[in-house]
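Heads up, the thing below is written out as structure tokens.
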Amino acid sequence: MRILICDDDALMIEQLRKYCQNFFDKIHVKCPELVCFSDGETLLSDEGEKDILFLDIEMPGMNGIYVGNELKKRNENIIIFVVTSYSEYLDEAMRFHVFRYLSKPLDKQRFFRNMKDAVDLYNSMTIKIPIETKQGMHTLLTSSVIAVEAQGRKVTVHTVRCDFESIHNMQYWVDLLPKNRFFQTHRSFIINFEHVTDFDHTLVYMCGHQLHAYLTKRKYSAFKEAYLLFLESTR
């Protein structure tokens, strides 16, 4: 994990750096690499990984709205915190799907709560899982799994790369896949919330309607609630 801070205020950079270190100390985990920038141009020219970013909006030169949009185009999985005292920028910031909005001055406990959510999201996106087929073993990120489908004894793992015929049954996949990102909508389907396009009372559509899964009536309310929680966690 690599955490970036971009703010033209040196005191705010130092506070964010300190809060990040305090957070990881609290959970007894070594603090990841922390990289700081005082302007958007330097941040955009950085070639390293960008996992979690604390981004100021009002900066000289490129403002945070432009910088955030550019970074999302390059990596849609980057987790962006907008940090500003100007609430009028909130609507614009939400357009590039910021994860959370932190107002200045920072509240330490609120920072910790939001940082925990960000780390949980990062971990769930970067978990790798084995997909064993009769031909061999494949290792993919869980985020690349669209859905798991059972047709009789045949279990197919649909991924963004291709489909794999798993040697394992559905219960294996129910137990393996993280519950905060996957949901069993029907005995024959497990879906990844990340790839959901829309749904109704009987079907869940994924990847722009390229794939759909059955949704049983008794699971509709639970699915809807879980999906809305997922969306909330990724804002």
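What shape does the chain have by the C-alpha gyration tensor, where a ≥ b ≥ c are the square roots of the eigenvalues, rounded means a/c under 1.5, and otherwise prolate means a/b greater than b/c and oblate the rest?
In terms of gyration-tensor shape, prolate.
Looking at the square roots a ≥ b ≥ c of the eigenvalues of the Cα gyration tensor of the stretch 97-139, which shape do they give, rounded for a/c under 1.5, prolate if a/b is larger than b/c, or oblate?
prolate
How many Å² of accessible area per residue for the stretch 154-235, probe 1.4 Å?
56 Å²
How large is the accessible surface of residue 132 in square angstrom, using a 1.4 angstrom probe and rounding to the nearest 10?
Using a 1.4 Å probe on the heavy atoms, I get roughly 70 Å².
Check which residues have an amide H placed less than 5 Å from residue 102's amide H, if you skip close sequence neighbours.
Counting only residues 5 or more places away or on other chains, the set is 82, 83, 84.
With unit charges on the beta carbons (Lys and Arg positive, Asp and Glu negative) and the dipole taken about the Cα centre of the stretch 102-172, which residue among 105, 124, 158 sits farthest to the positive side?
Value: 105.
In this model, which of 30/116; 179/219; 116/224; 134/219; 73/116 are farther than 21 Å apart at the alpha-carbon?
Table pairs above 21 Å Cα-Cα are 116/224; 134/219; 73/116.
Using a probe of 1.4 angstrom, how much of the accessible area of the chain is carbon and sulfur, in percent?
That fraction is 49 percent.
Sum -39500 (n - 2.57) across every DSSP H segment of at least 4 residues in the chain, then divide by the residue count to get the 222 nm mean residue ellipticity, nearest 500.
So the helix-based figure for the chain works out to -10500 deg cm²/dmol.
Quick check: residue separation of residue 207 and residue 19 times 0.36 nm, minus the Cα distance between them. What number comes out in nm?
Taking residue 207 through residue 19 to full extension adds about 63.9 nm, to one decimal.
If you place +1 on the Cβ of every Lys and Arg and -1 on the Cβ of every Asp and Glu, how big does the dipole about the Cα centre of the chain come out, in debye to the nearest 20?
Roughly 1300 debye, rounded to the nearest 20.
From the square roots a ≥ b ≥ c of the eigenvalues of the alpha-carbon gyration tensor of the stretch 135-183, which class results: rounded (a/c under 1.5), prolate (a/b over b/c), or oblate?
Because a/c hits 1.5 or more and a/b fails to exceed b/c, the stretch 135-183 counts as oblate.
How much of residue 42 can a 1.4 Å solvent probe reach, expressed as accessible area in Å² and rounded to 10?
Only protein atoms counted, so the area is about 60 Å².
Hey, can you rank 11-18, 144-151, 165-172 by average C-beta count inside 10 Å, highest first?
The densest-packed peptide leads the list: 144-151, 11-18, 165-172.
Treat every Asp and Glu Cβ in the stretch 120-164 as -1 and every Lys and Arg Cβ as +1, leave all other atoms uncharged, and give the resulting dipole magnitude about the Cα centre to the nearest 20 debye.
The dipole magnitude comes to about 180 debye.
Tell me, what is the percent relative contact order of the chain, built from C-alpha pairs under 8 Å that lie six or more residues apart?
Across the chain, relative contact order equals 12 percent.
Per residue, what accessible area does the stretch 94-140 have, given a 1.4 Å probe and all protein chains present, in Å²?
57 Å²
The values are calculated or read from the model by the stated rules, or taken from the named source; none is laboratory data. Just so it is clear, the structure is predicted and the values come from calculations on it, not from any experiment. Glycine also receives a Cβ, built like all others from the backbone with ideal geometry; neighbour counts cover every protein chain displayed. The area values use the complete protein model at the heavy-atom level, side chains included, leaving out ligands, DNA and RNA. Shrake-Rupley method; radii C 1.70, N 1.55, O 1.52, S 1.80 Å.
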